[in-house]
Amino acid sequence: MSKLQSRRQFISGCARYSLGLTIAGVIGFSLTNASSQQWLWQIDPFKCTNCGRCATHCVLNPSAVKCVHAYALCGYCDLCGGYLKPGHIARNTAAENQLCPTAAIERKLIEEPYYEYHINEELCIGCAKCVEGCSSFGNGSLHLQIRQNICVNCNECAIARVCPSDAIKRIPADEPYLIKGGFEHGQTL
Amino acid sequence: MVRLYKKHIPLKNHNNIFLGLIFLLMTVPTQIAHSQQQRFPKPEFQTEYQIPETERPNPRAPFMEYLDLFLLLAVLSLTTWLVLKKRSRKWILWVSVFSLLYFGFYRNGCICSVGSLQNLTLSLFNEGYSVSFTVLAFFVVPLLFALAVGRVFCASACPLGIIQDLVIVKPIKLSPWLQKSLGLFPFIYLGLAVLYAATGTDFIICRFDPFVGIFRMGAEFHMIVLGISFLLIGMFVARPYCRFVCPYGALLKICSLNSKYHLSITPKDCINCKLCKDSCPFDAIDFPTDEKENRASRKDFWKFVFYAALIPVLMFVGGWAVSGSYKLLSSAHPDVYLANLLVSQPELMQNTENLDIETFMSSGKTLEILVEEAKIIQEKFRFGGWFLGAFIGLVIALHLLNQVIFRKRSIYEANRGDCFSCGRCMDYCPVGKPEHPFFKDKPEMVVKS
Amino acid sequence: MLNLDFEQQMNETEKIKRARQIAIIAGVFTAFVGVLLLLNYLQIKKSDPLNSLVLEKLVERLSSEPNNQHFVEEIRQVDLLMRKAYFTSLWQVRTGAYLMLFGAIVLVLSLRVYYSLRFAIDQPSADQIKEKKKRQLTQRWIGFSGALVIILAIMSAFFTMNHLKNYEPKKMLVHSKSDDESIEKVEIVSIRTTEKETDTVIITESTDVEVKQPEVAITQQPKVVVFNEETVKKNHNAFRGSWGNAVSSSTNLPTSWDGATGKNILWKTELPIHGYNSPVIWNEKLFLSSANTSKRVVYCYDRNSGKLLWEREVNNIQGSPATQPKTTEDTGLAAPTLTVDGEKAFAIFGNGDIIAFDLNGNRVWAINLGVPDNHYGHSSSLLTWEKKLFIQYDTHKGSKVMALSTETGKTIWETVRTNEVSWASPILAKIDGKFQLIMLANPNLSGYDITTGKQLWSVDCMSGEVGPSPVYGGGLVYATNEYARMVAVNPKTGEKVWEDNYYLPEVSSPAYHNGYIYIATTFAVVACFEATTGKLLWEFEAKNSFYSSPMIAEGKVWVFDTGGKAYIFESGGESKLISSPELGEKVFSTPVFADGRVYIRGIKHLFCIGVN
């Protein structure tokens, strides 16, 4: 081995060890801040302003954001602000009275005068029109959530970036939903 | 959406009790509605009706992320063996196809090592966010492999690289000046990505990832266009993203330059047959040097001194310039952008068409607080700008310096920084293959090899 | 190729031809699908089927002619069509993307085969340019690129404006207030109509509202919320009214009511959680708070209708204790009264939590001052003036007075006090044309500069556990406490003008009006003194003891005993009881007045009393 080569190898070895030390340092330093915690994106329904961007900005089409129904909070109203258009002429399932653009809300009579509303997530596009109606005129039991079985969990959620009210946050993966009634306002991250 | 109702308020349809209700309720800002969850009490059902549970479909099981990590390690180890021992381009190709299908199309390109850089940065600068062990491992493992055996990650684990590798059809040679000056960009991009992640502004690497849209079969229109353009260019300029954009590649390059072991074109000694010379689509093969010509002259020595002296100057000038451009850089942050917009055009505050402004106005936060927050973010950019600028200056200076350092080389060998360990060149090497057509009329060479 | 016989060569050309053909077909196919996808994208973008304008128009027309079956049919058809269009396009995009991917894979494979066969590398190319030249060129270009980056950065530094730098908060107007207020107007109209009129009349009223809308639109310009002496005088924005001085400017107040029959009770609403604090009012909104050991809540009511506008739980405050401090039942965690500065309502709780909401219930800021060490529970109320929120924080572990910024909650000044723990509230008094913060505790009555927090004067004159707050009037400050004394102090000189100890209140604070001091004691006596001399002028034996403080309004003295019986006296040197109406519910808080109405928080309900 020539002198030149051994010198080169020495320099390269030094560089390698210092790089290795740097990486070890980065690992050590980040380990102080690392955990086995994995993260998912979710909407804080109390911060959500129902702007409608969830429907249009998700990388998936249709969006991974769906309307969910916190049944425990629902008033089972006949006159449902989430189901009926503001100017509806009758309280029935006819197209001219339905607020949902894809007819994703199924209305079922339980007993007079109570109706159950169920979201068909196959059809739901997450436009939040019903959420707006329900929270303006009703109990706010309809609200948006990211469906974790659909969400591809992008490293940078495209909706979170455009959410005007910062309602989309990373949450720990062991509690993947923030469904109303199940947690207190402000309890999220 | 609130507007929807406001618009509908003066309904012409009067004989409707609903109207009265709207009047009562429209006046309550939507925010308030949230707290009054029981505006209508839960009914007491006479029938046996059971209130259903809200469905909560589960996310992908968390342990699957450890499977991802295991597969990454397996792929990297296997590739290492294929590159160093087995020396088989064909097998590397198949491993890379597997990675493309798994990490790319099946896992939708998230999480990848390239993006993990930002998660790590964010966790270091943001106390509320902790990086998970798997993400940390995704960041570190390829770097350690690069330090040991070169960029095997690029060869067969990175879906972004592989998709480009597979579309190479007729690579053209790029002049060194073009390669080297375009090669500055990954470092700048790396610095920017760290700055943006550290300030909590954005994950720009993920946002401008051209291929993730293809893996997911859907993305914003312009990102799809960008991805397809990269692939079209990639047919002729091999791996354009890896070579001229990828910020993680910049890190891998630094590690790989000093790697302990590395792919070698020949299994034994090089016989200088020149067959591999044009085999690399990435222009990553260094040729033997011409002793007469390739020697540092006196002029080169002074140039070296000059460039070395330039390092602190460029670092300072770069730091000063980039820190000065904090206004532009920070406007990518939504709060800074909004504050700037509202301060420069206060009339926009009445604009109900702009959703961001409308939401801000109804949030009850004062502009004063927003401006204060925006100024804090701007300060971070101004401070971080010094580091980013100094880093860019250093990179430029070192690139220049590298051009006046002459190294003796007597064989054809892979450039450790630029080589992706794809193994193409190995197929061209006749050494150890006595039946290779190259030896047909030079049988004496076989013995030599 | 180095060694191919003729036949193989034929085979090769054949293969090349095949590969080229496949490549062309795949290329055309991929491009075709791509164009279709692009067209689909453009079309969906242009005519968003789920937000169809046609449908919207039809629905609008239907609402004007609700019985037109033709419209109904048409809407149903269009709706179906639009939904079909949307879901079909989704399907098209998905299928198209897969087809395109397939086409692209075939294209790439065939192209690879084609090129590898046609341009197999067999002879290495020759070098054209010399190494040195290459290197020189490279250096130049790296230099160019580097310079370009730096120049771009410098240019952006010089040519981008930073508007935030020139931003002056003063210019900024409080936003969105006008909008809210305009809505409030509408609200009042509509509520009154629903209360009084039948459904058919609502129509005329609501058209009325419609007519008013343009006016509303005009007022939607940003305007400054006025928080000055005039508006504070009009509003009962703190404990014992404006500046805590026990005087209200309200008129046309009812002097008779009956909680049992509902006479003159305009509305009453049940308060879900108990609290001893008194309501405060800003324009049409009334605020109060409640707390138990599990939660602390701020409520905002429409004071005209009694409707709960919002309620906000106070939680998630950094530093707030997990378990609540022990308090006695007659104090609780929500004894201090809120205050409002026209833009925000501020509340403090017995655990040291202090929070600011805007009038729409959006949380603006919140902090915890540290749990007060107080054996009954913290009860000193808040006051605000000149963008500062004043807190008298007298505890066993040291006493202090602080001013927080109403905008951010940050401490503007903080002054350490040397007195014992106390339960009295501060007042603001204009002395020599400048407002002073006056506080009473054991042993001193003292005045503070509100801009700097400097103590201006202090007189040792009190003892015991101080509950009653001081009052200012006629140039003197009056302070009193059970088992101690009542004193009148001249704040300019610091001298005690007189001192007496015949009747002393324990919880209730004194009131001043036109040269008379009124107090109400725990032993159920209302007494009046001459303010300049301290001479007892009259006394009145009531039914129950007094915790609620007397208030002066419309030249009368108003005070509720704990049994809920109110006593309304003519203010003056002679005892003249105008009336003594019954509320029918225990009362511990102080009444609040606002144009023609009396608001009083009972133990269970909030009442609005007015002539109906």
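The values are calculated or read from the model by the stated rules, or taken from the named source; none is laboratory data. Predicted model only: the values in this text are computed from it and were never measured. Quick reminder, even Gly has a Cβ in these numbers, built from the backbone with ideal geometry, and neighbours come from all protein chains shown.
So, in the range B:361-381, of the ones that are over 17 Å from B:Ala193 (Cα atoms) and of a type in the set (Lys, Arg), which residue ends up nearest to the other protein chains (Cβ to nearest Cβ)? Steps first, answer last, please.
Let us first name the residues in the range B:361-381 that are over 17 Å from B:Ala193 (Cα atoms), namely B:361-376, B:379.
Filter again for of a type in the set (Lys, Arg), leaving B:365, B:375.
Details: B:Lys365: 8, B:Lys375: 6 Å.
Once the filter is applied, the top-ranked residue is B:Lys375.
Does any residue in the range B:319-342 that is in contact (Cβ under 8 Å) with a residue 60 or more places away in the chain come within less than 7 Å, Cβ to Cβ, of a residue that is not in a helix (DSSP H, G or I) six or more places away or on a different chain, and which pairs are these?
Once the first residue is in contact (Cβ under 8 Å) with a residue 60 or more places away in the chain and sits in the range B:319-342, its partners that are not in a helix (DSSP H, G or I) give B:Ala332/B:Thr201; B:Ala332/B:Asp202; B:His333/B:Thr199; B:His333/B:Thr201.
Of all the residues that make up the range C:347-379, how many are within 14 Å of chain B (Cβ to nearest Cβ), surrounded by fewer than 23 Cβ atoms within 10 Å (Cβ to Cβ), of a type outside the set (Gly, Ala, Ser) and not in a loop (DSSP other than H, G, I, E, B)?
Residues meeting the conditions: 4.
Residues checked against (1) touching a Ser or Thr at 6+ places or on another chain (Cβ under 6 Å); (2) closer than 27 Å to A:Pro172 by Cα; (3) touching a residue at least 60 places away in the same chain (Cβ under 8 Å):
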position: A:Pro86; (1), (2), (3): no, no, no
position: A:Arg91; (1), (2), (3): no, no, no
position: A:Pro101; (1), (2), (3): no, no, no
position: A:Ile110; (1), (2), (3): no, no, no
position: A:Leu123; (1), (2), (3): yes, no, no
position: A:Gly138; (1), (2), (3): no, no, yes
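Within the group B:Glu444, B:Glu358, B:Glu435, B:Glu413, which residue is among the acidic types (Asp, Glu), buried (at least 19 other Cβ atoms within 10 Å of the Cβ) and over 30 Å from B:Tyr196 (Cβ atoms)?
B:Glu413
Collect the residues in the range B:124-138 that are in contact (Cβ under 8 Å) with a residue 40 or more places away in the chain, under 17 Å from B:Tyr248 (Cβ atoms) and more than 16 Å from the chain's Cα centre (by Cα), keeping them in residue-number order. I'd like the intermediate steps shown before the answer.
Let us first name the residues in the range B:124-138 that are in contact (Cβ under 8 Å) with a residue 40 or more places away in the chain, namely B:124-126, B:132, B:134, B:137-138.
Retained after the next criterion (residues that are under 17 Å from B:Tyr248 (Cβ atoms)): B:124, B:134, B:137-138.
If the condition is that a residue be in contact (Cβ under 8 Å) with a residue 40 or more places away in the chain, under 17 Å from B:Tyr248 (Cβ atoms) and more than 16 Å from the chain's Cα centre (by Cα), then B:Leu124, B:Thr134, B:Ala137 are the ones that fit.
Looking only at the range C:66-96, count every residue that is of a type in the set (D, E, K, R), surrounded by 14 or more Cβ atoms within 10 Å (Cβ to Cβ) and more than 8 Å from chain A (Cβ to nearest Cβ) and tell me the total.
1
Given the criterion within 9 Å of another protein chain (Cβ to nearest Cβ), touching a residue at least 60 places away in the same chain (Cβ under 8 Å) and assigned to a helix (DSSP H, G or I), identify the matching residue among B:Gly384, B:Gly389.
Values: B:Gly384 fails: within 9 Å of another protein chain (Cβ to nearest Cβ).
Exactly one of B:Gly384, B:Gly389 is within 9 Å of another protein chain (Cβ to nearest Cβ), touching a residue at least 60 places away in the same chain (Cβ under 8 Å) and assigned to a helix (DSSP H, G or I), namely B:Gly389.
I'm checking my understanding of the structure. Among residues of the range B:324-381 that are part of a helix (DSSP H, G or I) and among the basic types (Lys, Arg), which one is nearest to C:Phe357 (Cα to Cα)?
Among them, the one singled out is B:Lys375.
Among the residues of the range B:188-207, is any of a type outside the set (A, V, I, L, M, F, W, C) and in contact with a Cys (Cβ under 9 Å, 6 or more places away or on another chain)? Full working, then the answer.
Here is the first cut: in the range B:188-207, the residues of a type outside the set (A, V, I, L, M, F, W, C) are B:189, B:191, B:196, B:199-202, B:207.
Applying the additional criterion that residues be in contact with a Cys (Cβ under 9 Å, 6 or more places away or on another chain) yields B:189.
Yes: one or more hits.
Using the structure shown, decide if B:Val83 is closer than 23 Å to B:Pro247 by Cβ and crowded, with 20+ Cβ neighbours inside 10 Å. Break it down into steps so the answer makes sense when it comes.
Values: closer than 23 Å to B:Pro247 by Cβ: no; crowded, with 20+ Cβ neighbours inside 10 Å: yes.
Spelling it out, it is not the case that B:Val83 is closer than 23 Å to B:Pro247 by Cβ and crowded, with 20+ Cβ neighbours inside 10 Å.
Would you mind telling me which numbered condition in (1) part of a helix (DSSP H, G or I); (2) surrounded by fewer than 21 Cβ atoms within 10 Å (Cβ to Cβ) B:Asp202 fails?
Of (1) part of a helix (DSSP H, G or I); (2) surrounded by fewer than 21 Cβ atoms within 10 Å (Cβ to Cβ), only one is false for B:Asp202: (1).
Need the failing condition index for B:Arg89 against (1) closer than 14 Å to A:Ser35 by Cα; (2) in contact with a helix residue (DSSP H, G or I) (Cβ under 6 Å, 6 or more places away or on another chain), just the number.
Against the list (1) closer than 14 Å to A:Ser35 by Cα; (2) in contact with a helix residue (DSSP H, G or I) (Cβ under 6 Å, 6 or more places away or on another chain), B:Arg89 comes up short only on (1).
Exactly one condition in (1) touching a residue at least 24 places away in the same chain (Cβ under 8 Å); (2) within 7 Å of chain B (Cβ to nearest Cβ); (3) in contact with a Gly (Cβ under 8 Å, 6 or more places away or on another chain); (4) part of a loop (DSSP other than H, G, I, E, B) is not met by A:Tyr76; state its number.
That leaves (3) as the condition not met.
Out of the range B:139-157, which residues are more than 7 Å from every other protein chain (Cβ to nearest Cβ) and free of Cβ contacts under 8 Å to residues at least 60 places away in the same chain? Outline the logic, then answer.
If we filter the range B:139-157 for residues that are more than 7 Å from every other protein chain (Cβ to nearest Cβ), which is where we start, we get B:139, B:141-142, B:145-146, B:148-157.
Of everything in the range B:139-157, just one residue is more than 7 Å from every other protein chain (Cβ to nearest Cβ) and free of Cβ contacts under 8 Å to residues at least 60 places away in the same chain, namely B:Phe139.
Would it be correct to say that A:Thr56 is under 30 Å from C:Thr95 (Cβ atoms) and more than 8 Å from every other protein chain (Cβ to nearest Cβ)? Spell out the reasoning first.
Numbers: under 30 Å from C:Thr95 (Cβ atoms): yes; more than 8 Å from every other protein chain (Cβ to nearest Cβ): yes.
Yes.
Conditions (1) surrounded by fewer than 21 Cβ atoms within 10 Å (Cβ to Cβ); (2) among the hydrophobic types (A, V, I, L, M, F, W, C), marked per residue:
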{"residue": "B:Ser256", "(1), (2)": "no, no"}
{"residue": "B:His262", "(1), (2)": "no, no"}
{"residue": "B:Thr266", "(1), (2)": "no, no"}
{"residue": "B:Phe282", "(1), (2)": "no, yes"}
{"residue": "B:Thr289", "(1), (2)": "yes, no"}
{"residue": "B:Ala309", "(1), (2)": "yes, yes"}
{"residue": "B:Val313", "(1), (2)": "yes, yes"}
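If we keep just the residues of the range C:233-260 that are of a type in the set (A, V, I, L, M) and modelled with pLDDT of 90 or more, which is farthest from C:Glu343 (Cα to Cα)?
Of the residues in the range C:233-260, the ones of a type in the set (A, V, I, L, M) are C:238, C:246-247, C:253, C:260.
If we keep only those that are modelled with pLDDT of 90 or more too, we end up with C:238, C:246-247, C:253.
Working: C:Ala238: 14, C:Ala246: 23, C:Val247: 23, C:Leu253: 27 Å.
So, considering only residues that are of a type in the set (A, V, I, L, M) and modelled with pLDDT of 90 or more, the one farthest from C:Glu343 (Cα to Cα) is C:Leu253.
Quick grid of which residues meet (1) among the basic types (Lys, Arg); (2) in contact with a Cys (Cβ under 7 Å, 6 or more places away or on another chain); (3) under 25 Å from B:Leu252 (Cβ atoms); (4) not in a helix (DSSP H, G or I):
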residue	(1), (2), (3), (4)
A:Ile11	no, no, yes, no
A:Cys14	no, no, yes, no
A:Leu21	no, no, yes, no
A:Phe29	no, no, yes, no
A:Gln42	no, no, no, yes
A:Lys47	yes, no, no, yes
A:Ser63	no, yes, no, yes
A:Val68	no, no, no, yes
A:Ala72	no, no, no, no
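Looking at B:Ser132 and the list (1) at pLDDT 95 or above; (2) under 17 Å from A:Trp39 (Cβ atoms), which single condition is not satisfied?
Of everything listed in (1) at pLDDT 95 or above; (2) under 17 Å from A:Trp39 (Cβ atoms), B:Ser132 misses just condition (1).
May I ask you to list the residues in the range A:135-175 that are at pLDDT below 90, under 19 Å from B:Thr54 (Cα atoms) and within 9 Å of chain B (Cβ to nearest Cβ)?
Of everything in the range A:135-175, those that are at pLDDT below 90, under 19 Å from B:Thr54 (Cα atoms) and within 9 Å of chain B (Cβ to nearest Cβ) turn out to be A:Ser135, A:Gly138, A:Asn139, A:Gly140, A:Ala173, A:Asp174.
Regarding A:Tyr117, is this residue at the interface with chain B (Cβ under 8 Å from one of its Cβ atoms), crowded, with 20+ Cβ neighbours inside 10 Å and of a type outside the set (Gly, Ala, Ser)? Walk me through how you get there before you give the answer.
Details: at the interface with chain B (Cβ under 8 Å from one of its Cβ atoms): no; crowded, with 20+ Cβ neighbours inside 10 Å: yes; of a type outside the set (Gly, Ala, Ser): yes.
No: the conditions fail for A:Tyr117.
Of the residues A:Thr93, A:Thr56, A:Thr32, which single one is surrounded by fewer than 20 Cβ atoms within 10 Å (Cβ to Cβ) and under 30 Å from B:Phe138 (Cβ atoms)?
Details: A:Thr93 fails: under 30 Å from B:Phe138 (Cβ atoms); A:Thr56 fails: under 30 Å from B:Phe138 (Cβ atoms).
Exactly one of A:Thr93, A:Thr56, A:Thr32 is surrounded by fewer than 20 Cβ atoms within 10 Å (Cβ to Cβ) and under 30 Å from B:Phe138 (Cβ atoms), namely A:Thr32.
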